[in-house]
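So the structure is just underneath, and the comments pick up after that.
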Amino acid sequence: MTAAAIKTETQAELTVRIKRLEHGRDLDLPRYETALAAGCDVRAAVTQTVTLKPGERYMTPTGIAIAMPPGWEAQMRPRSGLAAKHGVSCVNAPGTIDADYRGELRVILINHGAEDFVINRGDRIGQMVFAPVFQAAFEEVDELDETVRGQGGFGSTGV
């Protein structure tokens, strides 16, 4: 069964316009690898093999740009297999792509592993998840209401 064949009553309709950039013309567009996948995989549009040494970061090009309607964002997330097998993740996970951004999508990979990691053209390097966005209205006040937690910060509720 394909992802298009499965739809729940609560899923919102979202059309994302996608533009292939010149250096991504031969690569697959993002796609959901399973029928119920939350994220669609994006691919590396590197023009030559990139070796990511332990501790290094690289802004990996994808060869695509997107346009979403207002009220939506795309989140770029690590692929769990890369993290588990190689220690490779995204530096700013999840990375937010705003609805008004029209530049090339890039995935900021970091090698947390002990070995070099090679990025080849067409490798699946990240997954993109779409989510609704709400912008808040801010109201300045002199005092905030009291809660049980109060100002208890990091670790204040125990382990």
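Miscellaneous remarks
- Relative contact order (%) - region 1-156, alpha-carbon pairs under 8 angstrom, separation at least six: 28
- Rg over Rh [alpha-carbon atoms, Kirkwood Rh] for the chain: 1.06
- Under the Karplus curve 6.51 cos²θ - 1.76 cosθ + 1.60, θ = phi - 60°, whole-Hz ³J(HN,Hα) for region 126-136, x wherever Gly or Pro sits: x, 10, 10, 10, 9, 8, x, 10, 10, 8, 8
- Highest to lowest packing among 46-59, 140-153, 89-102, scored as the average C-beta count within 10 Å: 89-102, 46-59, 140-153
- Annotation for region 92-159 versus region 43-91: alpha-carbon center distance of 14 Å.
- Prolate is the label for region 56-125, because a/c, from the alpha-carbon gyration tensor with a ≥ b ≥ c as root eigenvalues, is 1.5 or above and a/b exceeds b/c.
Every number in this text was worked out from the coordinates using simple rules, so none of it is lab data. Just so we're clear, the structure is a prediction, and the values are computed from it rather than from any experiment. Methodologically, a virtual Cβ is constructed for each residue, glycine included, from the backbone with ideal geometry; neighbour enumeration extends over all protein chains shown.
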